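None of the figures in this text is laboratory data; all of them are computed from the coordinates on show. In this text the structure is predicted, and so the values were computed from the model without any measurement. Don't worry about glycine lacking a Cβ; one is built from the backbone with ideal geometry, like all the others, and counts go over all protein chains shown.
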Amino acid sequence: MKEPVFLVDSLSAGYGGKTVINTVSFGVGRGEFITLIGPNGAGKSTIIKAISGSLPAYSGRVLFLGRNLAEFRKKELASEMSVVNPVNGEIPDFSVKMFLSFGRFPFRKLFSFDNMEDDAVIGEMASRCGIVHLLERSIRELSAGEFQLVQVCRALIQNREVLLLDEPVSNLDYRHMIQVMDILSALNKTGSTIICALHDVNTAAEYSSRIIAFKNGVINFDGNPEKVISEEALSGLYDSRFFCGKNPVTGRPSVYPVPGSLV
Amino acid sequence: MKKIYIYTIPGLLLIISIITGLCAGAEFINPLIIADNIINKSESLKMEILLKIRFPRVMAAAFVGAALSVSGAVFQSIFRNPLADPFITGVSGGASLGISAAVIFSLGPLATVFFSFTGSIAAIVILYLLSYGRGFGGGIFILAGVALSFIFSSSVMLLFSVAESQSVHKAIIWMMGDLSSSGDVGQVVVSALIFAVTLLLWIYHRHINIISLGRSFSNSAGLSDSELRIILILASILSALSVILGGIIPFVGLMIPHLARLVSGHDNRNLIPLSAIGGASFLIISDAVSRSLIFPYEIPVGVITGLAGGIFFLFFVIRNRQVY
């Protein structure tokens with residue numbers, strides 16, 4: 001493996017004493033585009049939380065850039081990786097521009113005002129994500145797709161080396177899904193390491209260089225999409241039958257769940 | 001600062017409130033006479049009333065109102081709940097238990113301040129521990145806050161029932177909301193502290209904005225737990241300071257931030273100063289009304305804010321009833 005970004009070693013974690021992921025181990029090399037798939041409650045989001053430092057481990061450890069994750073100060077960690085989580089609950093009435101400026105938070109001192117450098121980064125990333133026309137809008141008024149683009153853009157403003165995303169395209173239309181995933185793909189081509197929890201196996205197979213499938217808190221299978229995506233593997237993962245083929249345009253694996261085939 | 005014009009109307013409102021507060025009362029003083037007396041530096045009985053009685057009182061109302069509203073605004077942002085305020089979180093209750101104990105045991109002013117800080121911080125620490133890991137969302141902290149308020153108020157009653165009646169009377173007057181300050185050193189010190197803590201919270205406005213998007217967001221944005229704790233403790237101290245200076249004055253901290261948000265939006269950079277201005281104006285006016293409504297009696301100012309705030313609260317709940 002190339003220089004490891006993450007080394008996850010027998011990690012167990014969960015909420016309120018209930019274990020969700022159970023002694024999971026894997027490594028992540030620099031420049032990988034990993035998608036995490038699996039049924040609801042399998043532990044995809046929990047893994048993202050545990051390796052982004054927002055959920056303490058019950059046992060085991062996570063090494064990030066060779067150091068124990070728990071040793072990082074929050075601002076230090078935020079300047080080395082960025083995370084896109086679903087924002088739940090009441091969304092405050094902030095402008096998109098202001099929301100994007102939160103991406104500069106780890107780099108700012110307590111006493112500081114908006115500066116030119118911040119504005120330059122925000123402008124550059126906004127045009128890269130195609131959201132310049134949204135800058136003056138309120139994040140409350142955005143559609144789910146627009147808000148997700150804004151979230152990804154904020155993450156890019158914070159850090160472009162390592163990106164963790166928890167279901168960034170789950171409730172988006174195809175246009176916005178492709179827009180978000182293409183941004184991640186382009187970033188990955190310039191060397192970014194991306195770990196992304198997804199529901200749709202097709203999206204995962206289309207974009208990622210490696211799929212890690214979780215079931216009941218443990219790794220079910222792990223590897224290159226072309227090697228690991230098979231009818232047997234998927235029916236084992238989702239307890240339902242699948243038919244596998246290829247996307248005629250990209251040549252990537254594509255899968256078709258079969259209705260009425262729950263095992 | 002951009003959008004400076006949003007301060008024009010609230011600023012004017014504050015000036016009008018101060019003038020009203022100085023003029024209204026048992027004896028109405030014509031503002032033109034005040035101006036005339038200031039210009040000619042004449043000394044009259046009216047000026048005496050104005051400087052020795054009304055001015056300290058208007059200042060007390062201003063600082064108490066500002067402290068309540070700013071801590072309410074900060075609690076609402078951090079707990080992401082429109083109903084959060086110093087009372088629902090139990091923070092004021094903790095402070096008043098501390099102060100009641102200090103008054104009843106006839107401890108000195110320093111002990112009073114210390115006890116009230118301890119009570120309010122104890123409340124916020126309990127809330128923090130209960131809602132930590134749940135992202136501060138949901139109703140848990142409202143339930144916990146209400147429970148805390150009851151525990152604190154029952155403890156105050158317990159203290160009163162075993163204490164000497166003279167000290168109880170003193171404590172009860174103060175608990176009904178008492179702005180009749182004497183302009184002594186204590187008032188100046190507490191007011192200066194209120195100003196300092198408000199300024200500190202304003203400096204943290206960007207942090208508070210980030211926390212208002214939820215704990216998982218603020219975590220990944222690089223905001224540490226210790227920064228969150230500092231902000232919570234500052235907001236609790238601010239509530240305690242308001243209780244020290246003005247006693248129990250309900251609903252200001254709940255209501256004013258909602259009105260301020262109509263002008264400033266949710267950005268705490270403007271919300272904190274506007275809440276301060278709005279809270280100061282509202283409490284000065286409420287106090288003026290309480291002094292002049294049923295002459296020659298003086299209604300406790302908490303009755304006025306409780307009535308106005310309670311009616312506002314009802315409308316707020318009715319307007320948002322699909323949420324509950």
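Odds and ends about this structure:
- Within the shell of other residues whose beta carbon sits under 11 angstrom from the beta carbon of A:N68, the net charge comes to 0, with Lys and Arg scored +1 and Asp and Glu -1.
- Distance between the pseudo-spin-label points of B:L51 and B:L199 (7 Å out from Cα toward the beta carbon): 2.7 nm.
- In this Cβ point-charge picture (+1 for Lys and Arg, -1 for Asp and Glu), segment B:1-117 has a dipole of about 320 debye about its Cα centre.
- Length gained on full extension, B:R229 to B:A111: 40.1 nm, using 0.36 nm per residue less the C-alpha separation.
- Taking the C-alpha atoms only, the angle from helix B:252-264 to the longest principal axis of chain B is near 80 degrees.
- Fewest-first sequence of B:H207, B:H258, A:H199 by Cβ atoms within 10 Å of each Cβ: A:H199, B:H258, B:H207
- Set of lysines with alpha-carbon distance to A:K49 below 27 Å, sequence-local pairs under 8 removed: A:K2, A:K18, A:K74, A:K75, A:K97, A:K109, A:K189, A:K215
- Relative to the longest principal axis of the Cα atoms of chain A, helix A:174-189 runs at roughly 80 degrees.
- Residues B:E298, A:E32 arranged by fewest to most Cβ contacts within 10 Å: B:E298, A:E32
- Relative contact order, percent, segment A:116-206 [alpha-carbon distance under 8 Å, six or more residues apart]: 28 percent
- Highest-fluctuation residue, A:R241, A:R154, A:R30 considered, GNM on chain A with Cα pairs under 10 Å: A:R241
- Each of A:D222 and B:L12 was given a label point 7 Å from its Cα along the Cα-to-Cβ line. The distance between the two points is 6.7 nm.
- Dipole of the protein assembly as shown [Lys/Arg +1, Asp/Glu -1 at C-beta], most positive-end residue of B:N270, B:G90, A:V8: A:V8
- Cα centroid separation, segment B:7-83 to segment A:116-188: 47 Å.
- Of all DSSP beta bridges in chain A, antiparallel share, percent nearest 5: 60 percent
- Cα-based helix-to-principal-axis angle, B:55-79 vs chain B, degrees rounded to 10: 10 degrees
- Dipole of segment B:69-315, positive end: most advanced residue of B:I78, B:I172, B:L293 [Cβ charges, Cα centre]: B:I78
- Cα-based shape type of the protein assembly as shown, given that a ≥ b ≥ c are square roots of the gyration tensor eigenvalues and the cut on a/c is 1.5: prolate
- Mean separation of Cα contacts under 8 Å, 6 or more apart, over the residue count of segment A:89-158: relative contact order %: 56 percent
- If only the Cβ of Lys and Arg carry +1 and only the Cβ of Asp and Glu carry -1, the dipole of the protein assembly as shown around its Cα centre is close to 240 debye.
- Estimated from helical segments only, the mean residue ellipticity of the protein assembly as shown at 222 nm is -17500 deg cm²/dmol, where each DSSP H run of four or more residues counts as -39500 (n - 2.57).
- Under the criterion of Cα pairs below 8 Å and six or more residues apart, the relative contact order for chain A equals 23 percent.
- Share, in percent, of DSSP beta bridges within the protein assembly as shown that are antiparallel, nearest 5: 60 percent
- When +1 charges are put on Lys and Arg Cβ atoms and -1 charges on Asp and Glu Cβ atoms, the dipole computed for segment B:69-315 relative to its Cα centre reaches about 540 debye.
- The alpha carbon centroids of segment B:249-273 and segment B:139-160 are separated by 25 Å.
- Cα-based shape type of chain B, given that a ≥ b ≥ c are square roots of the gyration tensor eigenvalues and the cut on a/c is 1.5: oblate
- Taking only the C-alpha atoms of segment A:78-215, Rg followed by Dmax gives 14.9, 47 Å.
- Counting neighbouring beta carbons within 10 Å and listing from fewest to most, the residues A:L165, B:L238, A:L11 come out as A:L11, A:L165, B:L238.
- Under 10 Å, Cβ to Cβ, from A:R140 - net charge with Lys/Arg +1 and Asp/Glu -1: -2
- A simple spin-label model places the labels of A:R252 and A:S240 2.1 nm from each other, with each point 7 Å out along Cα-to-Cβ.
- Projecting the Cα atoms of A:Q158, A:I122, A:F102 onto the charge dipole of segment A:89-158, computed from C-beta unit charges around the Cα centre, puts A:Q158 farthest toward the positive end.
- Per the Kirkwood formula applied to alpha carbons, segment B:1-144 shows a radius of gyration over Rh ratio, Rg over Rh, of 1.12.
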